[in-house]
Structures are given as structure tokens and as C-alpha cells.
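**Q** Once you've had a glance at the structure underneath, I'll fire off some questions.
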Amino acid sequence: MKSKWGSCSPKKNLTINTLLKYLPEEIIEYVIFHEMAHLIERKHNEKFWKIISNKFQNYEENEKELFEYWFLIRTVVNNNKP
């Protein structure tokens, strides 16, 4: 997976990016919960964010951190390639 932290297919298969292992535990938990919420609601709509906010009231901050980590980790990984 090169462009996302995780995904949920239409057949309800969850896929998690291996780069997640570099993130803090609470952010990993958020990503897993986020993808599991897609098992209930596929789209990022009001219903979806309500599910997320029931467990993660600070989900907007988590989303911001994920965005920042994405560029940080990708930069480190790309700079360590031969």
C-alpha cells in the first residue's frame, strides 16, 4: 500500500499499511478503528464521523497527525533506499 494508511474493500477486506508500525500506538489504534468503521459505513459521511467521534473525540487532530506522519515517514523511507 503506497498511498494510504489503510483501506476497506467492498468485500469488507481490511488492508493496513506496514508503515503504520512507525506511528505512536494511539494513532495506530485510530487507523484500525477508522478502517473498521468502514465495515459499518463505507463513505466518509456524517454517519461515519459520528461512529469515529464516539470513540475518538479528537479525530480531527488524529487526521492531521496522520497527514503529517505520512510525509515524514515517506521522506525517511525514500531517503534510506539504495
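Derivation of every value follows stated rules applied to the coordinates shown; laboratory data play no part. Here the structure is a predicted model, which is why all the values come from computation and not from measurement. With ideal geometry, Cβ positions are generated from the backbone for all residues, glycine too; neighbour counts draw on all protein chains shown.
**Q** Counting other C-beta atoms within 10 Å, and keeping those with at most 16, which DSSP coil chymotrypsin sites (Phe, Trp or Tyr not before Pro) do you find in segment 17-59?
**A** Numbers: sites: Tyr22, Tyr30, Phe33, Phe48, Trp49, Phe56, Tyr59; in loops: Phe56.
Nothing satisfies the criteria.
**Q** Measure nothing but the geometry: give the 0 to 90° angle between the long axis through the Cα atoms of 46-55 and the longest principal axis through the Cα atoms of the chain, rounded to 10°.
**A** 70 degrees
**Q** Thr18 to Val76: extension gain in nm, 0.36 nm per residue of separation minus the Cα-Cα distance?
**A** In short, 19.4 nm is gained.
**Q** Ratio of the chain's C-alpha Rg to 2.2 N^0.38 Å, to two decimals?
**A** Numbers: Rg = 13.4 Å, N = 82, 2.2 N^0.38 = 11.7 Å.
Here the Cα radius of gyration is 1.14 times the empirical estimate.
**Q** Using a 10 angstrom Cβ neighbour count of at most 16 plus a DSSP loop assignment to flag exposed trypsin sites (Lys or Arg not before Pro), which longest range of the chain is free of such sites?
**A** Details: sites that count: Lys2, Lys4, Lys11, Lys12, Arg42, Lys43.
In short, 44-82.
**Q** Per-residue HN-Hα couplings for segment 6-17, Karplus 6.51 cos²θ - 1.76 cosθ + 1.60 at θ = phi - 60°, whole Hz, x for Gly and Pro?
**A** x, 8, 10, 6, x, 8, 6, 8, 8, 10, 10, 5
**Q** Output the relative contact order of segment 6-74, whole-number percent, from Cα pairs under 8 angstrom with separation of 6+ residues.
**A** Worked out over segment 6-74, it gives 28 percent.
**Q** Using helices alone, I'd like the mean residue ellipticity at 222 nm for the chain: each DSSP H run of four-plus residues gives -39500 (n - 2.57), total over residue count, nearest 500.
**A** Estimated from H runs of four or more residues: -17500 deg cm²/dmol.
**Q** Which GluC sites (Glu not before Pro) in segment 4-82 sit in a loop by DSSP (not H, G, I, E or B) and have at most 16 other Cβ atoms within 10 Å of their own Cβ? The partial results should precede the final answer.
**A** Working: sites: Glu25, Glu26, Glu29, Glu35, Glu41, Glu46, Glu60, Glu61, Glu63, Glu65, Glu68; in loops: Glu41.
Counting only loop positions with at most 16 other Cβ atoms within 10 Å, the GluC sites (Glu not before Pro) in segment 4-82 are Glu41.
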